[in-house]
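Engineer: Right, I'll just put the structure down here and ask away after.
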Amino acid sequence: MSLFVASLNSGSNGNCYYVGNDDEAILIDAGISCRETETRLKRLGLDIHKIKAIFISHEHADHISGVCVLVKKYNLPLYITPRTLQNSNILPCPEMIRNFDNAIPVVIGNLRILAFQKLHDAADPHSFVVSNGNVFVGVFTDIGAVCPQVIHHFKSCNAVFLESNYDEEMLETGHYPYHLKKRISGGKGHISNREAFNLFKEYKSKTLSHLFLSHLSNENNSPALVEKLFEKAAGETEIIIASRFKETALYNIKSAETTTITEVLRPEMAPYFPIKKSVRRIKVFKNEFQLSLFE
Ligand SMILES: [Zn+2]
Ligand SMILES: [Zn+2]
C-alpha cells in the first residue's frame, strides 16, 4: 500500500495538494488556476483523469480560486460543506456538489478521506487525513492553533503537509498593520514556525517519513529559516519545504513496517529538484522480532 503525494502550490497565493494511489486521486483545495494545475500535474507525470474529486478545506480565495473551471472541465465532484459553499463566491455546477461531514469518512475507490474541524477564521474550516489501507497522509494548513485533533492525527500519519506560516519575530517587527498581525497569530489564523516545530518535536512518531512544511508567508517567513529549524530535529523524517511558486516533486509514501523504501519518483519530470535525482534511501526499522532473532 502506498500514496503518491505532491504540493502543486502552497501559500497565500494558492494552495493545491495532490494525494492518490495507483488508480485514483483527489485534490485537496484548488487555489491555483486550472491551467497551472494541468501544467504542474503534467510536469510530475500525473494523469489529471486519475483525479476523482476535489475536497475544499475552507472558502478563502487561496483555496478555491481555480475550482469552478476544474470541476466544469473535468466533471469532478466537489466535496464542500454547505456553510463553506454559502460563504464562498463560487458558482460550480450544482449537480457536482457533494457534502462531507466532520469525522465521517468519504470513500473514493480505495481512498478514504476523513475531515475534522480546525481553528481558522472561516465559516466551516476542516483539515483532512487521506488514507489508502494503512498509509495515512494529513493536510493541516490554515489551522490557527495546534488543537488536540491535530495532535491526535499528526501522531498517526506517515506524511503531513503542515503549516509553518510565520516567524514570530518577523511578524512582530514587520510592516503588517496591528489588526492583521492579530488576525494571523490570534489562534484562528495561522501557526508559526515555533508552533509547528513544537508539534513535530513532541509528537512525531516513527511512522512519519515525510514532513512538508507548507503555507509559508512571503513577508513574514523564509524557506531557509524553516529548513534550518526543522533539519536539526529531522531524524528519520525527510523535510520538504512546499513552495509558493512551483510544485514539489512527487513522493511515494509507504507505511512504516519493518522495511520502508523511500524514493523520489520520476526525477526527470521534476526539473526543479536536480539534487533529488540520486536520492534513493532505504530505511530499515528494527522491530522486536528482528531483535530477538539477531541479537
Ligand atoms: Zn490559506
Ligand atoms: Zn485561510
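Engineer: Compute the Cα gyration tensor for the stretch 32-159, then decide on rounded, prolate or oblate, letting a ≥ b ≥ c be the square roots of its eigenvalues: rounded whenever a/c is under 1.5, prolate when a/b is larger than b/c in the other cases, and oblate in all that remain.
Structural biologist: Oblate shape, in that a/c is at least 1.5 and b/c is the bigger or equal ratio.
Engineer: With springs only between Cα atoms under 10 Å, which of 14, 133, 66 fluctuates most in a Gaussian network model of the chain?
Structural biologist: Answer for the Gaussian network model of the chain: 133.
Engineer: Next question. Given points 7 Å out from each Cα along the Cα-Cβ axis, report the residue 117 to residue 198 separation in nanometres with one decimal.
Structural biologist: Here the modelled spin labels are 2.3 nm apart.
Engineer: Here is a follow-up. From zero up to wherever the largest Cα-Cα distance of the chain sits, split into 10 Å bins and tell me the percent of pairs in each.
Structural biologist: Histogram of Cα-Cα distances, whole percents per bin: 6, 29, 37, 21, 5, 1, 0.
Engineer: While we're looking at this one, here's another question. Who wins for biggest fluctuation among 57, 192, 205 in a Gaussian network model of the chain, springs between alpha carbons below 10 Å?
Structural biologist: Fluctuation is largest for 205.
Engineer: With label points built 7 Å along Cα→Cβ from the Cα atoms of residue 47 and residue 74, find their separation and express it in nm.
Structural biologist: Using points 7 Å along Cα→Cβ, the separation is 1.3 nm.
Engineer: Taking 0.36 nm per residue of separation and subtracting the Cα-Cα distance, what length does fully extending residue 152 through residue 89 add?
Structural biologist: Separation in residues times 0.36 nm, less the Cα-Cα distance, equals 19.4 nm.
Engineer: I would also like to ask the following. Taking only Cα atoms and a 10 Å spring cutoff, compute GNM fluctuations for the chain and point out the largest among 73, 52, 181.
Structural biologist: In the Gaussian network model the winner is 73.
Engineer: Another one. To the nearest 0.05, how large is the calculated FRET efficiency for residue 183 and residue 97 if R₀ is 22 Å and r is the Cβ-Cβ distance?
Structural biologist: 0.15
Engineer: Here is a further query. Using the beta-carbon distance between residue 2 and residue 172 and R0 = 35 Å, what value does 1/(1 + (r/R0)^6) give for FRET efficiency, to the nearest 0.05?
Structural biologist: In this case the efficiency is close to 0.25.
Engineer: Kindly work out what percent of the DSSP beta bridges joining two residues of the stretch 2-294 are antiparallel, to the nearest 5.
Structural biologist: If we restrict to bridges inside the stretch 2-294, about 60 percent are antiparallel.
Engineer: Next question, about the same structure. At most 16 other C-beta atoms within 10 Å and a DSSP loop state: those are the exposed chymotrypsin sites (Phe, Trp or Tyr not before Pro) I care about. Give me the longest piece of the chain that has none.
Structural biologist: The reported range is 1-244.
Every number in this text was worked out from the coordinates using simple rules, so none of it is lab data. Worth saying up front: this structure is predicted, and the values here are computed from it rather than measured. Please note: Cβ atoms are built from the backbone with ideal geometry, for glycine as well, and neighbour counts cover all protein chains shown.
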